[in-house]
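**Student:** My questions all concern the structure below.
The values are calculated or read from the model by the stated rules, or taken from the named source; none is laboratory data. Predicted, not measured: the structure shown is a model, and the values here were computed from it. Because the Cβ atoms are built from the backbone with ideal geometry, glycine has one as well, and the counts that use them run over all protein chains shown. Each accessible area value is taken on the protein alone, full model and side chains, heavy atoms only, with ligands, DNA and RNA left out. Shrake-Rupley method; radii C 1.70, N 1.55, O 1.52, S 1.80 Å.
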Amino acid sequence: MLSIKNLHVSVGDKPILKGINLEIKPGEIHAIMGPNGSGKSTLSHILSGKSGYTVTEGSATYQGKDLLEMPPEIRAREGVFLAFQYPVEIPGVSNVYLLKAALNSIRKHHGQSEVDAMDFLTLVKGKVRLLEMDEKFLYRAVNEGFSGGEKKRNEILQMAILEPKLCILDETDSGLDIDALKIVSEGVNSLRSPDRSFVMVTHYQRLLDYIKPDFVHVLANGQIVKSGGAELALELEEKGYSWLEDAEASA
Amino acid sequence: MSASTQEINNLINQEYKQGFVTELETNTFLPGLDESVIHKLSKIKNEPEFMLEYRLKAFRHWQTMKSPEWAFVKFDPIDYQSISYYSAPKRKEDGPKSLDEIDPQILEAYKKLGIPLDEQERLAGVAVDAVFDSVSVATTFKGKLKDAGVIFCPISEALRDHPELIKEYLGSVVPITDNYFAALNAAVFTDGSFVYIPKGVRCPMELSTYFRINAANTGQFERTLIIADEGSHVSYLEGCTAPMRDENQLHAAVVELVAMKDAVIKYSTVQNWYPGDKNGLGGIYNFVTKRADCRGANSKVSWTQVETGSAITWKYPSCVLTGDNSVGEFYSVALTNNYQQADTGTKMIHIGKNTRSTIVSKGISAGKAQNTYRGLVKVLKSAENARNYTQCDSLLVGDQCGAHTFPYIEVKQPSAQVEHEATTSKISEDQLFFCQQRGLSAEDAVSMIVNGFCKEVFKELPMEFAVEAQALLGLSLEGSVG
Ligand SMILES: Nc1ncnc2c1ncn2[C@@H]1O[C@H](COP(=O)(O)OP(=O)(O)OP(=O)(O)O)[C@@H](O)[C@H]1O
Ligand SMILES: [Mg+2]
């Protein structure tokens with residue numbers, strides 16, 4: 001699905017990612033943890049096509065294609081989805097309007113006709129129920145006046161409707177209360193399938209109790225300093241990151 | 001990569017879709033303006049004597065005036081002697097009695113603009129007056145309106161058929177001395193629409209006028225007068241387009257509305273005159289005076305405008321709230337791109353008791369355009385308990401354009417409440433990237449964000465126009481992101 005090789009990324013003259021290697025196969029869940037400022041969001045952004053970053057070395061291949069060459073909307077239409085750490089507000093544009101425009105642009109890309117209005121409503125309402133949201137959110141402006149947790153839940157609603165292939169969740173769990181975390185996790189779990197992969201950026205073991213990752217990677221100072229199975233997250237919870245950074249520094 | 005600020009500035013390759021020219025035989029005056037031209041104009045239009053006098057008085061006054069310089073717009077002085085003041089398609093008789101007599105070329109032109117005039121294809125529920133250069137070429141559904149007692153005809157026809165109404169109301173809202181362009185218009189106006197809704201009548205359909213400038217080197221001086229008698233209702237729409245030309249052309253219109261006791265007038269404009277090319281060459285100078293007098297108690301006038309065209313727009317649709325409890329509203333979207341300039345807004349003059357006004361202005365600037373809101377809220381001593389609410393929002397697309405807000409507030413009555421809110425925002429790169437990450441192209445994203453920004457105004461437009469207005473905004477912004 002996704003193959004990242006020796007990826008180096010800078011902002012201006014400042015190197016942020018310093019040689020990332022990551023292989024993600026269809027159906028896998030990879031958790032990425034690591035201290036603040038280590039480059040997790042940068043990795044999410046570079047994969048989804050945000051401007052302002054320079055790739056100085058390395059490559060990222062998605063479904064056999066050069067991901068870094070594709071414009072962001074093409075990546076989205078090809079199935080790359082980013083649930084934002086800080087979702088933006090779009091005043092005056094209703095959630096349901098955005099969802100429909102997004103779904104139709106993806107369908108068009110795949111040579112499908114526009115979604116039928118009734119089918120669309122049925123689909124959307126089903127997902128709203130799955131995520132235990134109030135239908136009123138559909139008709140409110142995108143994220144405008146939403147609480148932090150509501151915004152995060154709204155990201156997952158979009159993901160559930162657009163059914164991407166590669167889902168990148170940047171700290172979706174931060175800001176969610178305990179019940180919401182459970183609901184959102186169930187939503188994510190319902191989307192698990194053998195041909196869909198997840199990259200979950202998180203600071204907390206708690207999320208991984210609900211969504212069990214196949215791999216856990218620790219990103220520190222722009223590099224993956226340690227990879228392991230789900231048990232690595234437990235170890236991190238206990239010991240923090242310093243032992244890894246120290247190990248790296250002395251390596 | 002997603003659109004960066006730099007790319008947002010890489011502007012326009014949009015084609016102005018209405019930029020075609022119709023080849024016609026015309027009857028056109030030689031350029032130039034003096035009293036003999038006014039005599040000739042009045043004669044060719046077969047006007048009653050009082051009109052000629054009205055025009056001459058206006059012309060003499062205009063000659064004593066100076067072109068206004070207070071607006072936030074820049075243009076070279078206009079040479080009024082180089083403009084032709086009358087241009088009309090040639091016709092056999094005194095004017096077509098039925099559509100069969102209209103030049104098929106003209107019918108074709110309107111068809112291309114999406115305004116079919118022939119019987120079978122007419123817009124259902126909308127009566128259209130089609131003004132082509134200096135004359136009205138067709139008015140649809142006249143019969144049906146007549147049955148309801150509604151008069152909807154070219155103003156030149158009203159001058160001949162309803163002189164008593166013209167005498168009473170023409171210039172009663174915008175006097176000839178009002179301003180430079182209004183005086184010029186009073187002297188040389190050629191056509192426009194006239195509407196009279198009798199007492200207690202709810203106009204059975206939307207009325208609309210479609211203005212088309214076709215001839216080169218002519219000015220269009222449109223004059224519209226709408227009178228809503230006691231307890232009547234009317235909704236009126238106007239649309240405007242012109243060919244693409246390298247020269248600037250002048251459109252100096254005057255619109256007067258009179259609302260009597262309990263009457264309601266809703267006036268909507270979708271203005272899409274040729275805006276000039278991407279280097280600022282050509283385009284229409286849209287210098288317009290629009291004013292409503294809410295003369296009777298409980299009357300209401302609501303102006304809704306979507307201004308996307310013209311090289312320069314200078315207009316302030318206003319309400320004089322004379323009657324007690326009368327209501328004035330102004331909803332505006334003004335979009336400027338490339339080198340377009342707009343200085344637009346409104347005046348709400350509160351005279352009667354308990355008068356209320358609402359102003360919602362949405363200005364969008366892209367490219368190197370300048371967009372100015374200028375509004376006056378004036379509450380006279382007599383206007384006890386007057387209320388005004390003003391909301392004035394500006395949206396910038398890119399970083400080479402400008403938005404300016406000049407609110408003037410004069411309150412002489414202590415019980416009045418006047419509220420003003422203003423915001424300026426930019427389409428952020430984060431918003432664009434978010435939309436792109438959901439699969440939308442940068443252009444669709446900008447168009448969606450701008451439409452969202454304008455939502456409060458669009459919901460005031462009649463259905464038929466709301467769709468057109470949204471599409472127009474999308475078109476006018478085409479090429480505004482890389
Ligand atoms: N546009 C930018 N300009 C300058 N520095 C930047 C920019 N974007 C990111 N950085 C820097 O790159 C580093 C990595 O940032 P990033 O947001 O990827 O961290 P993160 O791992 O997601 O952190 P957090 O856990 O706090 O979300 C930080 O030091 C940050 O300040
Ligand atoms: Mg982050």
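**Student:** Kindly report the accessible area of the protein assembly as shown per residue (heavy atoms of protein chains, probe 1.4 Å, no ligands, DNA or RNA), in Å².
**Tutor:** That works out to 39 Å² for each residue.
**Student:** Distance in nm between label sites at B:ARG202 and B:GLN81, each 7 Å beyond Cα in the beta-carbon direction?
**Tutor:** 5.7
**Student:** Shielding by partners for A:88-98, please: the mean number of other protein chain Cβ atoms within 10 Å of each residue's Cβ.
**Tutor:** For peptide A:88-98, the averaged partner shielding equals 6.
**Student:** So, with +1 on the Cβ of K and R and -1 on the Cβ of D and E, and no other charges, what is the size of the charge dipole of region B:311-459 about its Cα centre, to the nearest 20 debye?
**Tutor:** It comes to approximately 520 debye.
**Student:** If amide hydrogens are placed 1.01 Å from N in the peptide plane, which non-local residues have theirs closer than 5 Å to the one on B:THR424?
**Tutor:** B:SER394
**Student:** So, one more: Counting only other residues whose beta carbon sits under 11 Å from that of B:ALA252, what net charge do I get with K and R as +1, D and E as -1?
**Tutor:** With Lys, Arg at +1 and Asp, Glu at -1, the neighbours total +1.
**Student:** For A:MET118 paired with B:GLN400, estimate the spin-label separation in nm (one decimal), with each label point 7 Å from Cα along the Cα-to-Cβ line.
**Tutor:** 5.1
**Student:** Hey, another quick one. Summing Lys, Arg as +1 and Asp, Glu as -1, what charge do residues with Cβ under 12 Å from the Cβ of B:TYR267 carry, B:TYR267 excluded?
**Tutor:** Net of charged neighbours comes to -1.
**Student:** Along region B:65-70, what does the Karplus equation 6.51 cos²θ - 1.76 cosθ + 1.60 (θ = phi - 60°) give for ³J(HN,Hα), rounded to whole Hz, x for Gly and Pro?
**Tutor:** Calculated HN-Hα couplings, in order: 9, 10, 4, x, 10, 7 Hz.
**Student:** While we're looking at this one, here's another question. What does the structure give for A:77-87 when I average, per residue, the other chain Cβ atoms found within 10 Å of the residue Cβ?
**Tutor:** Mean number of neighbouring Cβ atoms from other chains: 2.
**Student:** Then there's this: Going Cα to Cα from A:LYS25, which aspartates and glutamates come in below 18 Å? Please leave out same-chain ones fewer than 8 positions away.
**Tutor:** A:ASP66, A:GLU78, A:GLU163, A:ASP195, A:ASP214
**Student:** Between chains B and A, what is the buried accessible area summed over both chains (1.4 Å probe, protein heavy atoms, nearest 100 Å²)?
**Tutor:** 2200
**Student:** While we're looking at this one, here's another question. Dipole magnitude of the protein assembly as shown about its Cα centre, charges +1 at Lys/Arg Cβ and -1 at Asp/Glu Cβ only, in debye to the nearest 20?
**Tutor:** 1120
**Student:** Something else: Mind grabbing the accessible area of A:TRP243 for me, 1.4 Å probe, Å², rounded to tens?
**Tutor:** Roll a 1.4 Å probe over it and A:TRP243 shows about 70 Å².
**Student:** Of the DSSP beta bridges with both residues in region A:2-250, give the percent that are antiparallel, rounding to the nearest 5.
**Tutor:** 60
**Student:** Less than 17 Å apart at the alpha-carbon level, and either on another chain or at least 8 residues along: which aspartates and glutamates does that give for B:LYS167?
**Tutor:** Of all the aspartates and glutamates, those that pass the test against B:LYS167 - Cα under 17 Å, at least 8 places apart if same chain - are B:GLU47, B:GLU49, B:GLU53, B:GLU157, B:ASP191, B:ASP229, B:GLU256, B:ASP293.
**Student:** What ranking of B:ARG374, B:ARG223 comes out by heavy-atom accessible area, probe 1.4 Å, highest first?
**Tutor:** Largest accessible area first, the list is B:ARG374, B:ARG223.
**Student:** Next question, about the same structure. Using a 1.4 angstrom probe with every protein chain in place, what is the largest-first accessible-area order of B:MET463, B:MET65, B:MET205, A:MET118?
**Tutor:** If we order B:MET463, B:MET65, B:MET205, A:MET118 from most to least accessible, we get B:MET463, A:MET118, B:MET65, B:MET205.
**Student:** A further question on this structure: Could you sort out which of A:LYS165/B:LYS362; B:LYS57/B:LYS459; B:LYS199/B:LYS362; B:LYS426/B:LYS459; B:LYS43/B:LYS315; B:LYS144/B:LYS455 sit more than 32 Å apart by Cα distance in this structure?
**Tutor:** A:LYS165/B:LYS362; B:LYS57/B:LYS459; B:LYS199/B:LYS362; B:LYS144/B:LYS455
**Student:** From Cα pairs below 8 angstrom and at least 6 apart in sequence, can you work out the relative contact order of region A:63-201, rounded to a whole percent?
**Tutor:** Result for region A:63-201 is 34 percent.
**Student:** Follow-up. Helix A:95-109 versus the longest principal axis of chain A: what is the Cα-based angle in degrees, 0 to 90, to the nearest 10?
**Tutor:** With both axes taken from Cα atoms, the answer is about 80 degrees.
**Student:** Then there's this: Shielding of A:67-76 by partners, i.e. mean partner chain Cβ atoms within 10 Å per residue?
**Tutor:** Whole-number average of other-chain Cβ neighbours for A:67-76 is 5.
**Student:** Still on this model: I'd like the carbon and sulfur percentage of the solvent accessible area for region A:1-152, probe radius 1.4 Å, heavy atoms only, ligands and nucleic acids excluded.
**Tutor:** Carbon plus sulfur share of accessible area: 51 percent.
**Student:** Further, regarding this structure: Pull up all non-local amide H partners of B:HIS233: gap of 5 or more, or a different chain, and H-to-H distance under 5 Å with H placed in the peptide plane.
**Tutor:** Residues meeting the criterion, in which the H sits 1.01 Å from N, are B:VAL201, B:ARG202, B:CYS203, B:VAL264.
**Student:** Shifting gears a bit: Does region B:24-477 come out rounded, prolate or oblate by the C-alpha gyration tensor, with a ≥ b ≥ c the root eigenvalues, rounded set by a/c under 1.5 and, if not, prolate when a/b is larger than b/c and oblate if not?
**Tutor:** It comes out rounded by the Cα gyration axes.
**Student:** Express the relative contact order of region B:130-251 as a whole percentage, based on alpha carbon pairs under 8 Å and six or more residues apart in sequence.
**Tutor:** Once normalised by length, the contact order is 31 percent.
**Student:** For Cα pairs less than 8 Å apart in space and 6+ apart in sequence, what is the mean separation divided by the residue count of chain A, i.e. the relative contact order in percent?
**Tutor:** Contact order relative to length: 27 percent.
**Student:** Now for a different question. Straight-line reach from B:LYS278: which lysines have Cα under 17 Å away, leaving out those fewer than 8 places along the same chain?
**Tutor:** Within the straight-line limit of under 17 Å, B:LYS278 reaches these lysines: B:LYS17, B:LYS74, B:LYS368.
**Student:** Still on this structure: If each of B:TYR408 and B:SER172 carries a label point 7 Å out from its Cα toward its Cβ, how far apart are those two points in nm?
**Tutor:** About 2.7 nm separates the two model spin labels.
**Student:** Could you work out the local net charge near A:HIS8, counting Lys and Arg as +1, Asp and Glu as -1, over the other residues with Cβ closer than 14 Å to its Cβ?
**Tutor:** +1
**Student:** How far is helix A:230-239 tilted, in degrees, relative to the longest principal axis of the Cα atoms in chain A, given as a value from 0 to 90 rounded to the nearest 10?
**Tutor:** That works out to roughly 60 degrees.
**Student:** Quick one: order B:GLU384, A:GLU73, A:GLU231, A:GLU238 from most to least accessible surface, probe 1.4 Å.
**Tutor:** Result, largest first: A:GLU238, A:GLU231, B:GLU384, A:GLU73.
**Student:** Helix A:117-130 versus the longest principal axis of chain A: what angle, 0 to 90°, nearest 10, using Cα atoms?
**Tutor:** That works out to roughly 50 degrees.
**Student:** Can I ask one more? Once R0 is set to 41 Å, what does the formula 1/(1 + (r/R0)^6) return for the Cβ-Cβ distance between B:SER428 and B:LYS111, expressed as a FRET efficiency to the nearest 0.05?
**Tutor:** 0.45
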